[in-house]
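Written below as structure tokens is the structure these notes are about.
Computed from the coordinates by the stated procedures, all read-outs in this text should not be read as laboratory data. Not measured: the values here are computed from a predicted model. Here the Cβ positions follow ideal geometry from the backbone for every residue, glycine too, while neighbour counts run over all protein chains shown.
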Amino acid sequence: MNATENYSIRVEPTQNSRLSQVDFDNLKFGKILSDHMLVADYDDGEWKSVSIVPYGDISISPSMSALHYGQAIFEGIKAYKFADGTVSIFRPDRNWERFNKSAARLQMPEVPEEIFMDGLSKLLDIDRNWVPAKEGSSLYIRPFMFGTEAALGVHPSKSYKFIIITGPVGAYYSKPISLKVETYYTRAAEGGVGFSKNAGNYALSLYPTQLANDEGYDQIMWTDAAEHKYIEEAGTANLIFRIGDTIITPHGDTILHGVTRRTIMELADKWGYKTEQRKVSVQELIDGIKSGTVTEAFAAGTAATITHISRIGFEGQDYNLPPVEGREFSNKVLNYLNELRYGKLADSFGWNYLVK
Ligand SMILES: *Cc1c(COP(=O)(O)O)cnc(C)c1O
């Protein structure tokens, strides 16, 4: 028996498609979910069943381990529709790889390629009419996994559910944001789980983010746990700066290794910019803003690709960045990726994964 037979995917098509009720001109992020979902169950050391079924509620036990001990991880991916109707997923192999790194760190099982990648392809084939055709819009894809064992005891869950749900999202126009440099609360420490995309990393960020919002900032700029001296990332996105002629991004295991960040750094390399992945101190950034060497600063993530940063607050002082219109590199990246994802440019990097 080969692996593919091993994970044969059962399909139960919906009898009540909701597609005709969707107003594709008014999509709120995460509110509309497509007709189908992929569900795989793991038990006793192996993946037992994989199926694509109508989207709907699932039943869980009150003693389900993920609710108590937090074995829960996820991914965020986007699919786009070309003018000729082709459905293309942007670099999902990178998300699959990251998902399994998150899983390993939380002592959860890996999800094999036949379930994550082939399952995703099959799900999008079935729900291909849910991928919006309008320029700027896309299908958001949310794979996730959590421990399902019904037992109150601290140990790795013996059973897990892996699920993929998707939903159409509209053009994401992100206006420039302000960030507060966080010098007390910590997102992640060396040796912790900062690099893994787990649910807990979001839970812990909500309170400090609210405090920053109350002070008039959109998001937090996290700093290192030990000294609060070095920049890590923003709330749900990585940070990239242009200092002089170099494109720089913080690195290390305390930050989430974003696919967008990686993509942008690869583009910068290819386009002949100098690039560096290294520690960036808050002081270096502030000094650079003051002296004018920091000409671009943005957050990078799947949701908006690039979100320009307009203002940074540090120790009660605000520092303003140059106008967005003049930011050559980030605007070039944004245009390039928009065209590439909709199939308007030759895919010379092999980043578009076409659904058959
Ligand atoms: C998902 C995520 C990012 C961005 O990753 P992408 O793969 O580019 O979407 C950055 N930081 C955090 C904390 C994240 O959860």
Q) By how many degrees, 0 to 90 and rounded to 10, does the Cα axis of helix 282-291 deviate from the longest principal axis of the chain? A) 50 degrees
Q: Measure out, as a whole number of angstrom, how far apart the alpha-carbon centroids of region 182-254 and region 60-103 sit.
A: 21 Å
Q: Starting from the Cα of K134, draw a straight line to each of the lysines and keep only those under 29 Å, dropping any in the same chain fewer than 8 residues away.
A: K28, K31, K78, K81, K122, K175, K332, K344, K356
Q | the chain - mean residue ellipticity at 222 nm from DSSP helices (-39,500 (n - 2.57) per run, n ≥ 4, rounded to 500) | A | -7500 deg cm²/dmol
Q | Spin-label model distance (nm) - N320 vs D43, 7 Å beyond Cα toward Cβ | A | 6.2 nm
Q: Could you compute the FRET efficiency for K344 and L19, with r as their C-beta to C-beta distance and R0 at 25 Å, rounded to 0.05?
A: 0.45
Q) Tell me, what is the percent relative contact order of region 299-343, built from C-alpha pairs under 8 Å that lie six or more residues apart? A) 25 percent
(Q) Under the 0.36 nm per residue contour assumption, what length would be gained going from the current alpha-carbon distance of R10 and D84 to full extension? (A) 23.7 nm
Q) With point charges of +1 on the Cβ of Lys and Arg and -1 on the Cβ of Asp and Glu, referenced to the Cα centre of the chain, which listed residue (S330, A237, A151) lies farthest in the positive direction of the dipole? A) S330
(Q) Is there a quick way to get the dipole size of region 3-170? I mean about its Cα centre, with the Cβ of Lys and Arg at +1 and of Asp and Glu at -1; what is the value in debye to the nearest 20? (A) 560 debye
Q: Rounding to the nearest 20 debye, state how big the charge dipole of the chain is about its Cα centre with +1 on each Lys and Arg Cβ and -1 on each Asp and Glu Cβ.
A: 480 debye
Q | DSSP-defined beta bridges in the chain - what % are antiparallel, rounded to 5 | A | 80 percent
Q) Can you give the FRET efficiency for S281 and K175, using 1/(1 + (r/R0)^6), R0 = 22 Å, r = Cβ-Cβ distance, to the nearest 0.05? A) 0.20
(Q) Considering only C-alpha atoms, what is the centroid distance from region 279-356 to region 114-176, in Å? (A) 26 Å
**Q.** Reachable lysines from K229, criterion Cα separation under 27 angstrom, eight or more residues apart if same chain
**A.** K180, K197, K274, K279, K290
Q. By count of other Cβ within 10 Å, fewest leading, how are W351, W222 ordered?
A. W351, W222
**Q.** Residue among S291, I255, I9 farthest towards the positive dipole end of the chain, charges placed on Cβ
**A.** S291
Q. Taking the Cα atoms only, what angle lies between the long axis of helix 92-105 and the longest principal axis of the chain, rounded to 10 degrees?
A. 90 degrees
**Q.** Fewest-first ranking of E46, E266, using other Cβ atoms within 10 Å as the exposure measure
**A.** E46, E266
Q: State, as an integer percentage, the relative contact order of region 3-170 based on alpha-carbon contacts under 8 Å between residues 6 or more apart.
A: 34 percent
Q: Set the Förster distance to 22 Å, then compute FRET efficiency between N26 and A303 from the Cβ-Cβ distance, nearest 0.05.
A: 0.75
Q.
Using the basic label-point model (7 angstrom from Cα toward the beta carbon), what is the N213 to A226 distance in nanometres?
A. 3.3 nm
